[in-house]
Amino acid sequence: MTAINQVTDLDIRDGIAVLTLNSPPVNALSGPVRDGLHKGIKQAIDDSAVQAVVLVCAGRTFIAGADITELGSGGPQGASLLDVQNMMEDSTKPVVAAIHGTALGGGLEVALCCHYRVAVASAQFGLPEVKLGLLPGAGGTQRLPRIVGAEMALEMMGLGDPIGADKALEVGLISEIVDGDLTQGGVAFAKKLLAQKRPLVRVRDNDAKLAPVRGKPEIFAAFRAAHARKNRGFLAPEYNIRCVEAAVNLPFDQGIRREGELFRELLQGPQSAAQRYMFFAERQAAKIPDVPADTQKIPVDKAGVIGAGTMGGGITMNLVNVGIPVTIVETTQEALDRGLKVVRGNYENTARKGKITQADVETRMALITPSLNLADLADVDIVIEAVFENMDIKKDIFEKLDAICKPGAILATNTSALDINAIAAMTKRPEYVIGTHFFSPANVMKLVEVVRGAKTAKNVIATSMALGKRINKIAVLAGVCHGFIGNRMLFARTTQSSRIILEGATPERVDKVLTDFGFPMGPFAMSDLAGVDVGWNPKTSKGETLRDRLCEAGRRGQKTNAGYYDYKPGDRTPIPNEDVVKMIREFAASKQIRQRDVTDEEILERCLIPMVNEGAKILSEGIAIRASDIDVVWVHGYGWPVYRGGPMYWANTYGLDKIVARMREFANDDPVFWTPAPLLEELAASNGGFK
Ligand SMILES: NC(=O)c1ccc[n+]([C@@H]2O[C@H](COP(=O)([O-])OP(=O)(O)OC[C@H]3O[C@@H](n4cnc5c(N)ncnc54)[C@H](O)[C@@H]3O)[C@@H](O)[C@H]2O)c1
């Protein structure tokens, strides 16, 4: 065994050179890895005792991708990836990649420059660059279609999801699945190649899979149409598609040039910068300064959920999806049956789409124990309460839970905004009380805000954050205040959006400005979805607010097929209604609000700037640990477009000084609302930004 450098070894076994990379944790293509590959391959080629090369990785995976820390830094150091790839592809001795773990991004692009690929059955292959707002910029866009065909390449590059070894074998990406030791399997495969005198296959020269689709633009049109909704506003999916088009229509070298142009455009553009920022922000959110990563966690083997409504059902699904049995408690059999029917219906839908099997549906349903008795929660490790947003009901439940649940059980509430300290005070174990605020639909939305009370214990925080991860969510820690991080900022936005429609803009117009910005829906469509009557009381309603008037007129949102918009039964498409606009104008007149033309720019600023200002207060008060946590909340809980990086990131790019200046202009109408938070003012004055 010869050490090529600190991360690369070369071992010659019976005429086969085994080149092993060992750069934990994931053998990313850092400078030393590229150098090791370059020198190692060259040494093997130059050695007359070597007949073939097998590239293999130590540790848990094959090369899992580029070293993305290099992207934003001063640029790559060491041998260029292109030199490494050329050395492999042009080698006069066969080079075989022996793959385990995940060959992703640059890792797969290296493997595509080998003449053959073999892998263990658990290996995964993918070009996920699109998820960081990029495209594979090391020849992957031109080589992958030449080996798997254009349609499969569109799927892999356009969506960014990996495929397994079986699929890779089926589509020709690998030649063999190796059982047993991978290195030995790779060496045996190389010997077989030599014995059979198989040719050196350069992927770049393959045309067999592309020729049949040449002159068939409908393939690309169909792919674009199928994913138009999900990809709205994003540049990278379209650029990945264009690269596959180039692979089909241009000679290899021209295709590579096209790939390079499009790659550089994405890399230097604002979308990928925002998406890469968000990638790190999501990972950062798990770190809590005063709760070390090694904090002892409470084992969670059994859970309880209270309330089988919109949220309780979704939360239950999250838990049983990962095998945690749930006892779900309701007040009536009818509510219980209705809740479980919705859960089953959701699973059946997923099974119909082929994402889970019918057997999975039954396994998951079997993990749910319905109950009408809180006492059935005596032995669970965590209870998540999701009953009506009513403080008295919640206090009553927590007092009872304290008496029922075993010592050491976590008592969590899904409240959207209520004071968790007041809820905790109903128990003799406030250190075990915490907020786990899921977002609707809870089985779909990635975010959970974990809300620590004044007395919540560190191991309870650590356990709740870990549980979030275990159920495949992104957990962000928040402190107690009205609305925590996300809803508190939403309330600030709602104050303005509600005001703007009284000044002359229609709900449709306001919604359009925000959907054009990239939100999946605007504030009024969102209000209709959630229910205009959330928090509205018919007994005390006296037509004093626009909301009172809408609700009194029976316009309570999608559930009544009427809210700010009309809806056709069973259809969620908002249809603007002239009578609503008239109602708004009449209400504005009754309050003597002057009508004027509000520009789109003003609508956007008046909706987003209050969020930034509230975010600054949230930061100064320590409700959020860091600005990037706020961004994660808004991207994963409220559909803020990830390619704009979240409200605090957006504020930095928009310019804090400009934001403060605009606030001073808006302050003519409402000086209190538009007072800049001290932190915002301070950062703007010092030309700083939210870190
Ligand atoms: N809907 C959302 O978008 C959303 C989002 C985040 C958080 N939340 C919060 O989640 C909680 C639940 O909201 P939801 O939308 O699921 O409400 P929901 O009205 O759909 O469901 C509440 C359920 O709780 C049951 N319930 C009421 N009192 C009970 C009791 N004493 N014991 C057992 N069950 C009882 C009701 O029968 C009902 O089925 C609220 O605190 C809400 O603020 C809601």
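The values are calculated or read from the model by the stated rules, or taken from the named source; none is laboratory data. Keep in mind it's a predicted model, so treat the numbers as computed, not measured. Quick reminder, even Gly has a Cβ in these numbers, built from the backbone with ideal geometry, and neighbours come from all protein chains shown.
Here's the yes/no breakdown for (1) assigned to a loop (DSSP other than H, G, I, E, B); (2) at pLDDT 95 or above; (3) surrounded by fewer than 17 Cβ atoms within 10 Å (Cβ to Cβ); (4) within 16 Å of the ligand (Cβ to nearest atom):
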site	(1), (2), (3), (4)
M317	no, yes, no, yes
T327	no, yes, no, yes
D337	no, yes, yes, yes
L340	no, yes, no, yes
Y347	no, yes, no, no
M365	no, yes, yes, no
T369	no, yes, yes, yes
D376	no, yes, yes, yes
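Within region 438-455, which residues are near the ligand (Cβ under 9 Å from one of its atoms) and either polar (S, T, N, Q) or not assigned by TED's automatic domain parsing to the domain that holds A466 (or both)?
Scanning region 438-455 gives a single hit, S440.
Please work out which one of (1) within 11 Å of the ligand (Cβ to nearest atom); (2) under 20 Å from T327 (Cβ atoms); (3) surrounded by 17 or more Cβ atoms within 10 Å (Cβ to Cβ) is the condition V433 fails and give its number.
(1)
Any chance you could count how many residues in region 123-146 are outside any helix (DSSP H, G or I) and either within 24 Å of the chain's Cα centre (by Cα) or of a type in the set (A, V, I, L, M) (or both)?
11
For region 378-394, give me each residue that is under 25 Å from I471 (Cα atoms) and either assigned to a helix (DSSP H, G or I) or more than 10 Å from the ligand (Cβ to nearest atom) (or both).
A378, D379, V380, D381, I382, V383, K394 - these are the residues of region 378-394 that are under 25 Å from I471 (Cα atoms) and either assigned to a helix (DSSP H, G or I) or more than 10 Å from the ligand (Cβ to nearest atom) (or both).
When you scan region 477-496, do you find a residue that is in contact with a Phe, Trp or Tyr (Cβ under 8 Å, 6 or more places away or on another chain), polar (S, T, N, Q) and within 16 Å of the ligand (Cβ to nearest atom), even just one?
Taking every residue of region 477-496 in turn, none turns out to be in contact with a Phe, Trp or Tyr (Cβ under 8 Å, 6 or more places away or on another chain), polar (S, T, N, Q) and within 16 Å of the ligand (Cβ to nearest atom).
Residue by residue, here is whether (1) in a helix (DSSP H, G or I); (2) within 16 Å of V510 (Cα to Cα) holds:
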residue: I584; (1), (2): yes, yes
residue: Q592; (1), (2): no, no
residue: R596; (1), (2): no, yes
residue: I618; (1), (2): yes, no
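Can you spot a residue in region 74-85 that is in the same structural domain as G186 (by TED's automatic domain parsing), part of a helix (DSSP H, G or I), crowded, with 19+ Cβ neighbours inside 10 Å and touching a residue at least 60 places away in the same chain (Cβ under 8 Å)?
no
Here's a check for you: in region 620-644, which residue that is of a type in the set (V, I, T) and in a helix (DSSP H, G or I) is surrounded by the fewest Cβ atoms within 10 Å (Cβ to Cβ)? Step through it out loud before you land on a result.
Our first condition is that a residue be of a type in the set (V, I, T); within region 620-644, this holds for 623, 625, 630, 632-633, 635, 642.
Narrowing the set further to residues that are in a helix (DSSP H, G or I) leaves 630, 632-633, 635, 642.
Details: I630: 30, V632: 27, V633: 30, V635: 26, V642: 24.
Per the criteria, the residue is V642.
For T413, only one of the following conditions fails: (1) of a type in the set (V, I, T); (2) within 11 Å of the ligand (Cβ to nearest atom); (3) farther than 19 Å from N459 by Cα. What is its number?
Looking at each condition in turn, T413 falls short on (3).
Among the strands (runs of 3 or more DSSP E) confined wholly to region 402-501, which include 3 or more residues that are among the β-branched types (V, I, T) and in contact with a helix residue (DSSP H, G or I) (Cβ under 9 Å, 6 or more places away or on another chain)?
Details: elements: 410-413, 433-438, 447-452, 474-479.
Here the list reads 433-438, 447-452.
Output the residues belonging to region 5-21 that are over 21 Å from Y116 (Cα atoms) and either surrounded by fewer than 18 Cβ atoms within 10 Å (Cβ to Cβ) or at pLDDT below 95 (or both).
Step one: filter region 5-21 for residues over 21 Å from Y116 (Cα atoms), giving 5-7.
Within region 5-21, N5, Q6 meet the criteria.
Have a look at E218, E261, E238 and point out the one that is touching a Lys or Arg at 6+ places or on another chain (Cβ under 9 Å) and modelled with pLDDT of 95 or more.
Residue meeting the stated conditions: E238.
Residues Q275, Q296, Q271: which one is surrounded by fewer than 16 Cβ atoms within 10 Å (Cβ to Cβ) and touching a residue at least 60 places away in the same chain (Cβ under 8 Å)?
Numbers: Q275 fails: surrounded by fewer than 16 Cβ atoms within 10 Å (Cβ to Cβ); Q271 fails: surrounded by fewer than 16 Cβ atoms within 10 Å (Cβ to Cβ).
So the residue among Q275, Q296, Q271 that is surrounded by fewer than 16 Cβ atoms within 10 Å (Cβ to Cβ) and touching a residue at least 60 places away in the same chain (Cβ under 8 Å) is Q296.
Exactly one condition in (1) more than 15 Å from the ligand (Cβ to nearest atom); (2) part of a loop (DSSP other than H, G, I, E, B) is not met by A308; state its number.
(1)
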